[in-house]
Amino acid sequence: MQIFYFDTLELPRRLSETAGAFPRGLCFMNDDVRDEPLLLTPGPCSISMAVKQAMLHDLAFGEAAIVAKVKEARDYLVALCRGDGDYTAVPLQGTGTYAVEAAIGTLVPRDGPTAGKLLIHSNGVYGDRIVDVCRQMRVPYAVLATTPLERPTVEQFEQAIAADPAISHVAVVHCETSTGMLNPVDEIAALCRRLGKGLLIDAIATFGFVELDARRLGFDAVIVSANKGLQSAPGLSWVIARRDALARCKGHSWSHSLDLWDQHDHMERTGQFRFTPPTHLVLAFCEALKEHNEEGGIAARGRRYGASWRRLVDGMRQMGFQTLLPDELCASIVATFHNPDDPNYSFKKLYDGMKARGFVIFPGRLAAANTFRIACIGVVTERDIGRAMDALADVMREMGVTRFGRGAAGTA
């Protein structure tokens with residue numbers, strides 16, 4: 001057995017050389033040069049080299065440095081949604097779905113004198129996932145299902161709540177990334193405030209580039225991922241919760257590890273996680289928050305994503321592709337396109353051809369048949385999208401696709 005020791009700054013390059021799988025010289029934000037493809041997926045997303053390098057440090061449990069980093073991140077997230085004083089940020093070891101389970105299992109009591117019921121809106125894969133979470137946890141729930149092609153209305157929510165007096169909370173996915181639909185959170189929040197219902201927002205895909213003002217929305221909780229719009233390594237998630245709502249939840253959770261009240265109580269008292277902290281991910285996250293702030297915060301990141309999304313949609317339409325949704329219904333992070341009406345088209349060949357040219361597009365989790373998605377989050381620029389459009393056009397020529405209108409599934 002041979003053991004090799006590399007300098008930490010040399011390590012990423014040497015590991016890439018051993019893999020040897022991807023073209024060199026890809027251009028990313030901050031002029032990083034890497035040996036890996038650019039992820040044009042709605043998560044995980046490509047992150048900066050500085051965020052990756054932040055993880056090259058080992059910190060022990062309880063060290064002052066990691067306690068300070070956790071506090072720094074908590075304060076930044078609360079300030080980002082203007083929740084100072086009334087809200088608190090609770091980290092969890094796990095991806096966004098872990099935080100969804102923690103928020104629901106803690107904030108929506110499933111039995112006893114305060115038992116609640118959750119109205120779940122679903123118009124895609126990630127709304128359906130919340131249904132699965134509640135079914136598994138045996139949390140009482142009702143479902144307001146709407147088509148993936150139409151934005152739900154406040155009247156639909158009001159009717160669903162009026163039909164079931166047991167409903168105490170509402171859950172909505174801000175951006176249903178299985179299509180790109182941006183759901184009307186502002187209007188739903190106003191209704192929940194008027195009717196006295198708690199609101200849980202799955203903002204895993206949108207937090208960091210779309211404003212969610214806690215003072216205006218009055219939500220009970222917003223669920224956040226370290227990856228996606230905040231551009232850190234996946235595996236760390238957050239719940240930004242209203243303090244008074246969380247304070248009433250002692251003993252509610254069905255889970256020991258996902259007990260949001262207990263995690264928050266321990267962190268308030270000690271500044272630490274209850275269990276082994278994901279120290280490397282915390283370091284990466286704080287570096288990502290630094291980059292977020294230096295870029296110009298929510299507004300600047302939203303502009304960059306918007307410019308990339310516009311370039312993507314316009315470029316695909318110029319080639320002849322048709323989008324699943326009209327622009328006014330979409331969040332500027334992902335677009336869904338109909339398969340071309342051409343017998344030569346194959347998604348597998350498209351996927352493989354794009355990867356060979358340095359781009360990875362998303363292979364699954366679709367809410368509409370015979371479609372595919374391309375995203376533009378992470379360290380992606382408008383220039384990167386332009387290069388991706390050139391690569392995609394080249395793959396289409398290689399396949400011999402000449403008809404780009406709406407079609408069937410094509411070959412495997």
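The values are calculated or read from the model by the stated rules, or taken from the named source; none is laboratory data. The shown structure was predicted, so the numbers you read here are calculated from the model rather than taken from an experiment. Methodologically, a virtual Cβ is constructed for each residue, glycine included, from the backbone with ideal geometry; neighbour enumeration extends over all protein chains shown.
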Any idea which of (1) part of a loop (DSSP other than H, G, I, E, B); (2) of a type outside the set (Gly, Ala, Ser); (3) modelled with pLDDT of 95 or more is the one His252 doesn't satisfy? (3)
Here the residues within the range 73-98 that are part of a loop (DSSP other than H, G, I, E, B) and farther than 18 Å from Asp244 by Cα are Gly94, Thr95
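Conditions tested, residue by residue: (1) out of contact with any helix residue (DSSP H, G or I) (no Cβ under 6 Å at 6 or more places or on another chain); (2) surrounded by fewer than 23 Cβ atoms within 10 Å (Cβ to Cβ); (3) under 26 Å from Arg138 (Cα atoms); (4) among the acidic types (Asp, Glu).
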residue	(1), (2), (3), (4)
Ala190	yes, yes, no, no
Ile204	no, no, yes, no
Arg215	yes, yes, no, no
Val222	yes, no, yes, no
Gly229	yes, no, no, no
Lys250	no, yes, yes, no
Trp261	no, yes, yes, no
Subset of the range 343-395 that is β-branched (Val, Ile, Thr) and closer than 15 Å to Phe321 by Cα - its residue that is nearest to the chain's Cα centre (by Cα): Ile374
I need the full set of residues from the range 123-164 which are basic (Lys, Arg) and either surrounded by 15 or more Cβ atoms within 10 Å (Cβ to Cβ) or in a helix (DSSP H, G or I) (or both), in order please. Arg129, Arg135, Arg151
List pairs: first in the range 272-298 and aromatic (Phe, Trp, Tyr), second modelled with pLDDT of 95 or more and in a loop (DSSP other than H, G, I, E, B), Cβ under 8 Å, 6+ apart or cross-chain? Phe275/Ser257; Phe285/Ala226; Phe285/Ser232; Phe285/Ala233
Within the range 300-324, residues being in a helix (DSSP H, G or I) and either of a type in the set (Val, Ile, Thr) or touching a residue at least 12 places away in the same chain (Cβ under 8 Å) (or both) number 15
Flagged in the range 177-187 as under 20 Å from the mean Cα position of the chain (by Cα) and part of a helix (DSSP H, G or I), in numbering order, are Val185, Asp186
All but one of (1) polar (S, T, N, Q); (2) in contact with a strand residue (DSSP E or B) (Cβ under 8 Å, 6 or more places away or on another chain); (3) free of Cβ contacts under 8 Å to residues at least 24 places away in the same chain hold for Ser122, so report the exception by its number. (3)
Filter result for Leu258 (assigned to a helix (DSSP H, G or I), modelled with pLDDT of 95 or more and assigned by TED's automatic domain parsing to the domain that holds Pro91): no
Matching residues in the range 275-311 - criterion: being of a type in the set (S, T, N, Q) and closer than 30 Å to Leu392 by Cβ: Ser308
For the range 99-118, enumerate the residues that are crowded, with 24+ Cβ neighbours inside 10 Å and outside any helix (DSSP H, G or I). Val108, Leu118
I'd like to verify a number: residues in the range 170-208 that are under 15 Å from Ile377 (Cβ atoms), of a type in the set (Val, Ile, Thr) and at pLDDT 95 or above, how many? 2
Candidate set from the range 334-365 (those that are touching a Leu at 6+ places or on another chain (Cβ under 9 Å) and either assigned to a loop (DSSP other than H, G, I, E, B) or assigned by TED's automatic domain parsing to the domain that holds Phe209 (or both)); member that is farthest from Arg303 (Cα to Cα): Arg357
Pick from Ala99, Ala142: which is hydrophobic (A, V, I, L, M, F, W, C) and over 23 Å from Gly43 (Cβ atoms)? Ala142
With the condition kept exactly as written, say whether any residue in the range 344-361 is buried (at least 21 other Cβ atoms within 10 Å of the Cβ) and among the small types (Gly, Ala, Ser). yes
Against the definition (over 22 Å from the mean Cα position of the chain (by Cα) and either in a loop (DSSP other than H, G, I, E, B) or on the phi > 0 side of the Ramachandran plot (or both)), how does Ile167 come out, yes or no? yes
Could you please find all residues in the range 263-299 being outside any helix (DSSP H, G or I) and crowded, with 22+ Cβ neighbours inside 10 Å? Pro277
Could you please find all residues in the range 200-219 being part of a loop (DSSP other than H, G, I, E, B) and either aliphatic (A, V, I, L, M) or in contact with a Leu (Cβ under 6 Å, 6 or more places away or on another chain) (or both)? Ala203, Ile204, Ala205, Gly208, Leu212, Phe219
